[in-house]
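Some notes on the structure that comes next.
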Amino acid sequence: MYKHLIRPLFFLVDPEKVHHQVVSLLKFGMAIPGIKQLVRCSASINDTRLHKELFGLHFDNPVGIAAGFDKNAECYNELADLGFGFIEIGTVTPKGQQGNPITRLFRLPVDHALINRMGFNNRGLDAAVENLKKRRTKAIIGGNLGKNTLTPNTEAVNDYVTVFNGLFDYVDYFVVNVSCPNITDLRELQDQEALINILEKIQHLNRAKTNPKPVLLKVSPDLNDAQLDEVIDLAKNKLIDGVVAVNTTITRSGLTSSESTIKSIGNGGLSGRPLKNRSTEVIRYLSEKSGKAFPIIGVGGIETPEEAIEKLEAGADLIQVYTGFIYEGPFIAKKINRAIIRHQNKNI
């Protein structure tokens, strides 16, 4: 029903407008007496075979929502009711900001992909915290950390520290995001010296807490092997507790959409099916080269249960969806979790 009726209607409307409508619909619908319980029963699978213990955290299942969907921590409770084991909110910046000029989100239906140049649009740290105070779910919540666009890279560490401190009491883990292609010069912070400075400051604060929390790094699919080796070194040196692989890509190779369509869209990060193979390559490289030294959250091009299992077999411990959620619909977590159980039974 979703793919044949609801999705075609959604795709008639500007994707950013539809996104806001879906968030509002989720919040409104789940507030109707009985609907939340009905949805939870229909969308969730409660099975101990899906449980995961990572970073000292308990995940009811390994399927999560990637950062970018719930930027302001508005609907994480409702997303948990759809059967997701964890939700990553953000990217959150210290101050609210509009992001890049509209129009900035584009669909490529024939490629089952999106291109976005949102630019860390969000309402800022204080708004996210107010929403996180309304937490009622036991699902794991991650906080994706970013810097304000107007903050120069030389002062970026202060933004990351501000958001880390502000979110600390309200989320279960953190992801440092320096790999988004939609913030001017942000990816320069992937340079080893700049990145080490940010991570050292965050970990210094983290380890001074009575309850330190996992700090992960989100990496770009456009990194080469030498740069991925540097990521492994960060983990070996205890500057990160894990990796989210991968962010969106600036490449446009292998697309079915016409060249004129791609050119008319312009710059932005590509996500969805075209990212599937590269995402798996990065996961496998990090896992094998490190000797499985740290947990990996796999994201990028996961649309079907088979693609989710491919990521897990490549070395991911958990997976996240975003574009696949948009193309496959609200029961994607249930489909993937069912498939994981079947896959486990097959291998017994």
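The values are calculated or read from the model by the stated rules, or taken from the named source; none is laboratory data. Since this is a predicted model, take the numbers as computed values, not measurements. Using ideal geometry, Cβ is built from the backbone for each residue, glycine included, and neighbour counts are taken over all protein chains shown.
Here are a few things to note about the model shown:
- Filtered residues of the range 285-300 (kept if touching a strand residue (DSSP E or B) at 6+ places or on another chain (Cβ under 6 Å), of a type outside the set (Phe, Trp, Tyr) and assigned to a loop (DSSP other than H, G, I, E, B)): Pro295
- Selection count, the range 74-110, where residues are touching a Lys or Arg at 6+ places or on another chain (Cβ under 8 Å), part of a helix (DSSP H, G or I) and surrounded by fewer than 20 Cβ atoms within 10 Å (Cβ to Cβ): 0
- Residues in the range 165-178 that are buried (at least 23 other Cβ atoms within 10 Å of the Cβ) and in contact with a helix residue (DSSP H, G or I) (Cβ under 9 Å, 6 or more places away or on another chain): Leu167, Val171, Phe174, Val176, Asn177, Val178.
- Test: residue in the range 44-64 that is crowded, with 24+ Cβ neighbours inside 10 Å and closer than 23 Å to Leu25 by Cα: yes
Results for (1) within 20 Å of Gly166 (Cα to Cα); (2) in contact with a helix residue (DSSP H, G or I) (Cβ under 6 Å, 6 or more places away or on another chain); (3) at pLDDT below 95, shown as yes or no for each residue.
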site: Lys52; (1), (2), (3): no, no, no
site: Asp60; (1), (2), (3): no, no, no
site: Gly64; (1), (2), (3): no, no, no
site: Phe69; (1), (2), (3): no, no, no
site: Asn72; (1), (2), (3): yes, yes, no
site: Gly83; (1), (2), (3): no, yes, no
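- Residues of the range 179-203 satisfying the condition of being surrounded by fewer than 17 Cβ atoms within 10 Å (Cβ to Cβ) and either without any contact (Cβ under 8 Å) to a residue 12 or more places away in the chain or of a type in the set (A, V, I, L, M) (or both): Asp191, Glu193, Ala194, Ile196
Conditions (1) under 18 Å from Ile296 (Cβ atoms); (2) β-branched (Val, Ile, Thr); (3) in a loop (DSSP other than H, G, I, E, B); (4) in contact with a His (Cβ under 9 Å, 6 or more places away or on another chain), marked per residue:
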residue: Leu26; (1), (2), (3), (4): no, no, no, no
residue: Met30; (1), (2), (3), (4): no, no, no, no
residue: Pro33; (1), (2), (3), (4): no, no, yes, no
residue: Leu38; (1), (2), (3), (4): no, no, no, no
residue: Ser42; (1), (2), (3), (4): no, no, no, no
residue: Asn46; (1), (2), (3), (4): no, no, yes, no
residue: Arg49; (1), (2), (3), (4): no, no, no, no
residue: Asn61; (1), (2), (3), (4): yes, no, yes, yes
residue: Gly64; (1), (2), (3), (4): yes, no, no, no
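- Within the range 126-156, the residues that satisfy the criterion of being among the hydrophobic types (A, V, I, L, M, F, W, C) and either surrounded by fewer than 16 Cβ atoms within 10 Å (Cβ to Cβ) or within 18 Å of the chain's Cα centre (by Cα) (or both) are Ala128, Leu132, Ala139, Ile140, Ile141, Leu145, Leu150.
- Odd one out for Lys289, checked against (1) surrounded by 13 or more Cβ atoms within 10 Å (Cβ to Cβ); (2) under 22 Å from the mean Cα position of the chain (by Cα); (3) charged (D, E, K, R): (2)
- Hits in the range 310-335 (condition: more than 22 Å from Thr249 (Cβ to Cβ), touching a helix residue (DSSP H, G or I) at 6+ places or on another chain (Cβ under 6 Å) and assigned to a helix (DSSP H, G or I)): Lys334, Lys335
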